[in-house]
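Working notes, beginning with the structure itself.
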């Protein structure tokens, strides 16, 4: 079929947003943390097609086999958008740090950029990225203010303990940087540890003891309150954070909600997506 001018213009206007997270097999938190964030993005950008992708193949496989829920990988989602004729794609990750999963997503986006199947493909940044240098926002302070909206008011001998994921990727130093940023903000009774890296829970326990903390609230600094929150943080096994903190003599309350349920955190992801779109507009203007 011959392409008319209106057909070409229609194709040129086809823009999509791909919202990418690691994923979760916990359906309640999938709805409350991931789906609700996607919904806010959809409302904020009504002229864009908004799609979902997970980077965890294990999560995708389990949801398909157990629940009949089919979710694309990041590569499948991009291939689908390509097949449907989308010309501009903005990828917004719902990650906390620019670590392993973000690098995986970056590699895929770079591949699609090199193949030039889209006129433009842009990757937004995760929750913690800039630190206020060279005119960029301080993502850490913005995230801290957002998390403060969901925290209880602390009295003497009370503390908050945030559980991050962590890992061996160098970008997981974001959690140690977050601890420093909390201290610089005067929030001296909020502590960060990670399941798979640094800072470790043992060092947090020592800090809590030195401050003579008696009561603390334990909550996930993760998008969803999923497997890690259920088992590693709040589980009854002796190696869970709750069990270790109880054994160390603290009274422990559990705040079982992922970051994605926090409306202020959702707003941050929306802003990071806006920043990515604005950068494309500026880039186009410079080219012309």
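Quick note: the coordinates plus some simple rules give every number you see, no bench work behind them. All values reported here derive from a predicted model rather than from experimental measurement. With ideal geometry, Cβ positions are generated from the backbone for all residues, glycine too; neighbour counts draw on all protein chains shown.
Details
- Highest-MSF residue in the chain out of 182, 218, 151 [GNM, Cα springs under 10 Å]: 151
- Average silhouette area of the range 1-156, convex hull of alpha-carbon atoms, in square nanometres: 13.5
- If R0 is 45 Å, the Cβ-Cβ spacing of residue 215 and residue 116 corresponds to a FRET efficiency of close to 0.20.
- Label-point separation, residue 79 to residue 253 (7 Å along Cα→Cβ), nm: 4.9
- Residues of the range 93-107 with amide N under 19 Å of the 7 Å Cα→Cβ point at residue 271: 93-98
- Extent along principal axes [Cα atoms of the range 151-256; Å; largest to smallest]: 36, 34, 22
- Averaging 1/r over each pair of different alpha-carbon atoms in the chain and inverting the result gives 20.3 Å, the Kirkwood hydrodynamic radius.
- Label positions at residue 278 and residue 150, each projected 7 Å from the Cα along the C-beta direction, are separated by 2.5 nm.
- Taking the longest Cα principal axis of the chain as reference, the axis of helix 201-210 is set at about 50 degrees.
- Each peptide in 253-259, 234-240, 28-34, 130-136 gets a packing score, the mean of other Cβ atoms within 10 Å over its residues, and the list from highest to lowest is 28-34, 253-259, 234-240, 130-136.
- Percentage relative contact order, the chain, counting C-alpha pairs under 8 Å, at least six apart: 19
- With Cα atoms, 0 to 90° folded angle of helix 100-115 axis to the chain main axis: 10
- Whole-number percent relative contact order across the range 138-288, with pairs defined as alpha carbons under 8 Å at least 6 apart: 24
- Ranked 96, 117, 192, 43, criterion: other C-beta atoms within 10 Å, fewest first: 43, 117, 192, 96
- Computed from Cα atoms, the angle from the helix 174-184 axis to the main principal axis of the chain rounds to 60 degrees.
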